[in-house]
Every structure is written in C-alpha cells, then in structure tokens.
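Here the structure is laid out as structure tokens; the discussion comes afterwards.
Values in this text are rule-based calculations from the coordinates and carry no lab data. Remember, it's a predicted structure, so these values are computed and weren't measured experimentally. Cβ placement follows ideal geometry from the backbone for every residue including glycine, while neighbour counts extend to all protein chains displayed.
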Amino acid sequence: MTDIEPDETVDARGAACPGPLMDLIGQIRDAEAGDVVRLLSDTDQSLTDVPEWAEEAGNELLAIEELDDHNAFYVEKA
Amino acid sequence: MTEHVVIVGGGTGGTVLANDLADRLDPELDAGDVRITLVNDGPDHVYKPVWLYVPFGQREPDDGRRPLDELVGDAVDLRIDRVTEIDTEAQRLQFDGTAPSVGYDYLVLATGSTLEPEQIPGLADGGHDYYSESGSTALRDELLGFTEGHLVLSVISSPHMCPAAPLEFVFMADDWFRERGLRDEVDITYTYPIQRVHGNPQIAEWARPIMDERDIEAETFFNAEAVDPDSETLVSMEGTELDYDLLVTIPPHGGIDLIEEAGLGDDGWVDVDKHTLEAEAAENVYALGDTADTGVPNAGSVAHYQAGVVGQRLASEIRGRPATATYDGKTLCFIETGMHAASFVEFDYENQPSPAPPSEKLHWSKLAYNESYWLTARGLL
C-alpha cells in the first residue's frame with residue numbers, strides 16, 4: 001500500500017490496450033509539472049506500456065501498486 | 001400506448017438502426033403501437049470514408065453526402081433539430097429554441113465523434129486533416145501542388161475515427177508520389193502516440209515492415225504537444241521536434257458534451273455493457289458506434305453491426321420478449337496499401353486480426369463497397 005497522494009486519478013479499468021496508456025497520456029497532458037496522476041488499469045499490457053512511455057517522456061513512475069484485480073500506476077509529470 | 005423510440009444521430013449507426021427497426025417493427029408501426037424518431041442536426045447523411053480520397057483529387061465531398069430523407073424509410077419520423085438536454089430520469093429530450101421537450105420510451109445515442117483541434121496549440125492553424133469535409137478540400141488544395149519537402153502525418157491521439165486511415169494515407173501518398181516520379185523529392189514521416197505504429201498489435205506488426213520497405217519514417221511514442229505554424233515545427237510531449245512542410249494530422253476527437261452532462265460517461269462517450277450496448281448509468285438507453293465506449297475501433301462497420309444488435313434487442317423489448325442479441329466486437333476494415341492495392345482485416349473481441357496480403361482485388365472491393373454503402377444506410381446490405 002503506497003501513501004502517495006495523487007492529484008488526479010484515471011480509472012481505465014475495463015479498457016483494452018492502448019486505452020489505459022492513452023487515458024494516462026491525456027491526463028498528463030492536462031496536468032501541471034509536479035502533479036501525480038494515478039492510473040487504474042486491469043490490462044497486463046499496462047505493466048510494460050506505462051513504464052516505457054514514462055521513461056520516454058521523462059516523467060517519473062513513482063510506484064506500481066498491485067491490487068486485487070488491477071494495478072495502480074503513479075506517474076509524476078516532469 | 002404507443003412506444004416511442006428516439007435515435008439521436010443520423011450517421012451510419014443511427015440511420016442503419018432507424019431503417020432496421022422500421023423493417024422489424026413494420027406491423028407495430030402500421031398499428032400505431034410504435035413510433036420511431038430519428039433526430040439529426042442537419043438534413044444530410046455524410047459518409048466519411050470518401051474524405052480519404054478527396055486530397056488526392058479522386059473524389060469530391062459531395063460523393064459522401066445525401067439527404068437523410070432519401071435514405072430513411074417513410075415509417076420513420078425524421079426530425080432535423082439539435083438536442084440540447086437529455087434527462088434520463090424523466091426520459092425526455094430538450095431541443096434547440098422553444099420547441100417542447102419530447103419523451104421517449106427507448107433512447108439510442110449515435111452522436112458520433114467531433115474534432116477538437118483546439119486541444120493542441122497551433123494545430124488549427126498549422127495542421128491539415130482529411131477527417132472533415134472542409135479539412136479534406138483544404139488539404140487537397142495543398143497536396144495537389146506539393147512536389148517536394150517533408151510531409152508529416154501525425155496521429156495526435158486515440159481513439160479516433162477509422163483507425164486504419166492514417167496508415168492508408170501514408171501508403172497512398174507514398175505510391176502517389178512514386179507514380180508521379182516525385183518520391184525522391186518528398187520525405188514522409190508518420191507519428192503515433194504509443195510504442196508501435198497502430199493501436200492493434202497485429203496490425204502494427206504487419207504495417208511496420210511495409211513502412212520500412214517504402215521509406216516511410218515512423219516516430220512512435222510521439223504525442224504532439226504544440227504546433228508552430230510560423231516555424232513549421234511540431235513538438236511532442238516526449239521532447240521530439242519535427243520540421244514539416246505539409247502537416248497532416250488526425251486531430252483529437254471527443255464526443256458531444258450532452259452525454260457527460262447527462263451523466264452517461266466521460267468525454268462524450270457513453271459507458272455501456274460492451275455486449276448488450278445498454279448504457280450503464282440509465283435505463284432504456286442504448287449507445288452505438290463511436291458513442292458507445294466499447295474499446296473497439298471507431299469504424300463504420302462497427303456502427304453497422306451494432307445497429308443490427310440494438311435493432312434486435314429493441315424489437316424484442318417492445319414485443320415483451322427477452323432480448324438475446326449481443327455484439328461480439330465484430331469489426332471489418334479494408335486498408336488501402338497504395339493507390340491500386342488494399343488489405344483487409346476482420347476481428348472481434350476474441351479473435352485478433354490477420355491482415356490479408358494486399359491485392360488489387362481488395363482495393364476494388366473497397367471502392368465497390370464505398371459505392372454500395374448507400375444500400376447499407378438504407379438497411380438493405
């Protein structure tokens with residue numbers, strides 16, 4: 001259990017790839033530098049998509065939280 | 001008591017559904033037990049796939065436009081008006097101006113996608129598109145005289161209408177410049193928001209080698225942040241800067257505000273059960289086509305197949321029978337791979353696409369379907 005407080009949460013559970021990553025990118029697009037966005041996704045593809053994109057875009061993936069039936073990704077906008 | 005079915009949106013999904021329902025419910029319509037109203041905010045039905053060919057001077061926007069009253073059967077009440085409010089509790093719709101509100105027993109939302117270029121600074125001024133009539137003709141004016149320089153096709157975000165069309169455009173442009181002996185003078189770059197060249201992994205895996213073979217540069221993980229029309233540059237959120245001489249984009253898409261205002265879903269897309277297409281947040285409301293947030297491509301074939309499912313379900317409900325028809329994710333697309341060849345894919349929720357080898361026969365099949373589309377709109381094909 002992480003104690004990171006997100007500024008925004010995107011619930012992309014149920015969305016097929018690449019929906020969750022696009023939802024995260026859309027939220028980061030609107031966020032301010034330093035904001036933390038939490039993405040909820042239940043597709044395994046996000047476990048590779050999200051870290052790859054965060055690195056490419058220079059944003060920091062602070063944590064991945066494994067929950068019962070989905071994962072929560074905490075990304076801080078650079 | 002007369003059951004009133006209201007369909008909002010006269011695109012592919014709404015028009016096919018109106019005709020499908022009128023056919024299925026012919027006895028009930030004759031007896032006055034059912035009314036079907038199709039609401040559209042303009043008098044014409046627009047077949048958008050025509051726009052892909054407009055920039056190359058091969059089709060005219062009018063080829064994709066016909067009056068709705070010529071396509072929809074007489075048993076359907078056609079109302080040219082704009083819905084301004086959806087009240088799913090009272091099951092009523094409000095219209096523009098002072099027209100009285102209208103009640104419904106069943107509501108189908110087929111309002112489709114709208115373009116939102118204003119989301120990206122500079123895009124409206126610096127970018128061209130072929131996802132609108134005006135965009136396709138403005139692009140034609142530039143493309144027909146374009147003989148050298150850097151052509152950039154940028155997919156700004158996803159989902160967007162017709163996911164195959166960006167690939168089709170660069171494949172067609174490559175072939176078109178080659179045939180005219182201009183390809184050495186024109187560089188082509190294709191950008192896509194995620195780490196591959198298409199949202200669907202199988203289609204991306206098929207398309208990437210074709211792009212490499214034909215010297216179409218691909219920039220992946222490219223999410224456009226801003227366009228500078230003066231310096232003719234496009235900058236991504238990932239920090240890549242591209243110079244262009246002609247910028248063609250797939251602008252950001254959104255649904256209509258009414259849907260979010262009615263509490264039916266975010267960004268104008270209705271949250272639905274992806275099999276029954278029933279709205280999750282309201283009773284007696286369906287959505288189809290781009291409007292239904294199912295995760296399948298925003299494609300005309302999807303709206304067409306979903307209309308058949310919603311038609312069957314509504315007919316069952318109106319007749320007091322259990323509704324059993326479900327949508328299985330069926331999607332069908334032709335993909336132009338040049339000016340004289342095309343591929344074809346068919347897939348659903350369970351089965352992945354396997355693009356067919358490009359052939360002239362498939363290209364002509366696509367063009368033939370585009371002509372016969374008007375039979376689909378009438379509910380005949």
- [ ] Count the net charge of all other residues whose Cβ sits under 14 Å from the Cβ of B:Asp33, scoring Lys and Arg as +1 and Asp and Glu as -1.
- [x] -3
Task: Proxy reagent accessibility, fewest Cβ within 10 Å first, across A:Ile4, B:Ile210 - done: A:Ile4, B:Ile210
TODO: Determine the distance separating the Cα centre of segment A:7-78 from the Cα centre of segment B:1-60; give it in Å without decimals.
DONE: 38
Open item on the list: Averaged over its residues, how many other protein chain Cβ atoms are within 10 Å of peptide A:16-29's Cβ atoms?
Closed with: 5
Open item on the list: Can you tally the net charge around B:Ser365? Count Lys and Arg as +1, Asp and Glu as -1, for every other residue whose Cβ sits under 14 Å from the Cβ of B:Ser365.
Closed with: -2
- [ ] Would you mind getting me the FRET efficiency between B:Asp245 and B:Gln352? Use the beta-carbon distance for r and R0 = 45 Å, nearest 0.05.
- [x] 0.75
- [ ] Nearest 5 is fine: what % of DSSP beta bridges in segment B:118-252 come out antiparallel, could you say?
- [x] 30
Task: Scattering profile of chain B at q = 0.08, 0.10, 0.15 Å⁻¹ [log10 I(q)/I(0), Debye over alpha-carbon scatterers] - done: -0.42, -0.65, -1.34
- [ ] Give the percent of DSSP beta bridges with both residues in the protein assembly as shown that are antiparallel, rounded to the nearest 5.
- [x] 50
Open item on the list: Report the rotationally averaged projected area of the protein assembly as shown based on its alpha-carbon convex hull, in square nanometres.
Closed with: 22.6
Open item on the list: What's the whole-number percent of alpha carbon pairs in segment B:23-97 lying beyond 18 angstrom?
Closed with: 59
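Compute the length gained on full extension between B:Asp63 and B:Asp77: take 0.36 nm times their separation in residues and subtract their Cα-Cα distance, giving the result in nm to one decimal.
Full-extension gain reported as 2.5 nm.
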Task: Within 10 Å of each Cβ in B:218-228, the average number of Cβ atoms from other chains - done: 2
TODO: Starting from the Cα of A:Asp44, move 7 Å in the Cα-to-Cβ direction to define the label point; list residues of segment B:183-210 whose amide nitrogen is under 19 Å from there.
DONE: B:200-202
- [ ] Run through every distinct alpha carbon pair of segment B:118-252 and return the Kirkwood hydrodynamic radius in angstroms, one decimal place.
- [x] 14.8
- [ ] Using label points projected 7 Å from each Cα along Cα→Cβ, tell me how many nm separate B:Ala31 and B:Ala281, to one decimal.
- [x] 3.7
Task: Neighbourhood net charge (12 Å Cβ-Cβ; Lys/Arg +1, Asp/Glu -1) for B:Thr147 - done: -3
- [ ] May I ask what percent, to the nearest 5, of DSSP beta bridges between residues of chain B are antiparallel?
- [x] 45
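What's the exposure ranking of B:Ser231, B:Ser301, going from fewest to most Cβ atoms within 10 Å?
B:Ser231, B:Ser301
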Task: Average Cα contact separation per residue, chain B, under 8 Å, 6 or more apart, as relative contact order % - done: 19
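How many Å³ per residue does the convex hull of the Cα positions in segment B:147-206 occupy?
Measuring per residue, one finds 89 Å³ for the Cα hull of segment B:147-206.
Quick check: residue separation of B:Glu371 and B:Arg178 times 0.36 nm, minus the Cα distance between them. What number comes out in nm?
66.8 nm
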- [ ] With r as the distance between the Cβ atoms of B:Asp87 and B:Asp41 and R0 = 30 Å, compute the FRET efficiency 1/(1 + (r/R0)^6) and round to 0.05.
- [x] 0.95
Task: Label zone at B:Gln195, where the point sits 7 Å out along the Cα-to-Cβ direction: segment A:47-78 residues whose backbone N lies under 13 Å - done: A:47-57
Open item on the list: Can you compute the modelled spin-label distance between A:Asp68 and A:Ile4, with each label point 7 Å from Cα toward Cβ, in nm?
Closed with: 2.3
Open item on the list: Run the paramagnetic zone check for B:His340: 7 angstrom along Cα to Cβ, then residues of segment B:174-202 with backbone nitrogen under 19 Å.
Closed with: B:174-184
TODO: Using only Cα positions of segment A:20-76, each an equal point scatterer, no hydration layer, compute I(q)/I(0) via Debye at q = 0.20, 0.21, 0.25 Å⁻¹ and quote the log10 values to two decimals.
DONE: -0.64, -0.71, -1.01
Task: Helix-derived mean residue ellipticity, 222 nm - over chain A, DSSP H n ≥ 4, -39500 (n - 2.57), to 500 - done: -9500 deg cm²/dmol
- [ ] Express the relative contact order of chain A as a whole percentage, based on alpha carbon pairs under 8 Å and six or more residues apart in sequence.
- [x] 34
TODO: Report the far tail of the P(r) of segment B:53-205, meaning the percent of Cα-Cα pairs longer than 27 Å.
DONE: 44
Task: Whole-number D in µm² s⁻¹ for segment B:189-298, Kirkwood Cα-pair radius fed into Stokes-Einstein, 20 °C, 1.002 mPa s - done: 130
